[in-house]
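All remarks here apply to the structure that follows.
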Amino acid sequence: MRRLLAAGACALALAGCAPADPPAETPPTSGDSTTPEPTTTAPSTPAGPAGPPVPTGADAVAADDLFVAGLQAGAVEFADPETMIILGRGICAELQQGAPVIAEVDAVTTGSGGKWDQGAAGAIVGSAIGAYCPEFRALLPN
């Protein structure tokens, strides 16, 4: 069940990574095939609101380390840090799409198949926010 939750979080995280549509070209209107007509590019519209940039390099490692440290401080039991990192990034991707924090806590609890209670799920969501999307800290209970 944990793999299913992690796979879903990974799919959500990658959903915004599809390349943009190629520019549309206007076919030549003259009969002279040796002189091409100028082409026009259709305006593109973004697929949705973009969140903060995904950290790379040393910043990504630092964010991942912060997330895993938060899990350990919250006494969350887990076997694979990489799977948890995927889950944490997926939580922030869903928050950036407008999901409520409580819905993420519930999803982690349900998706764990009973492994994590609401407290552990809250620690996971809180650690994800702290490491990957601190702009949502105000949504966490005090």
If contacts are Cα pairs under 8 angstrom and at least 6 residues apart, what is the relative contact order of segment 67-142 in percent? 41
Apply 1/(1 + (r/R0)^6) to the Cβ-Cβ distance of K115 and A69, taking R0 = 25 Å, and write down the FRET efficiency to the nearest 0.05. 0.80
Give me the net charge of G126's neighbourhood, meaning all other residues with Cβ under 13 Å from the Cβ of G126; Lys, Arg count +1, Asp, Glu -1. 0
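Since every read-out is calculated from the coordinates, none of them should be taken as a lab result. The structure presented is a predicted model; accordingly, all values stated were derived computationally and were not measured. In this analysis, Cβ positions are derived from the backbone assuming ideal geometry, glycine residues included, and neighbour counts consider all displayed protein chains.
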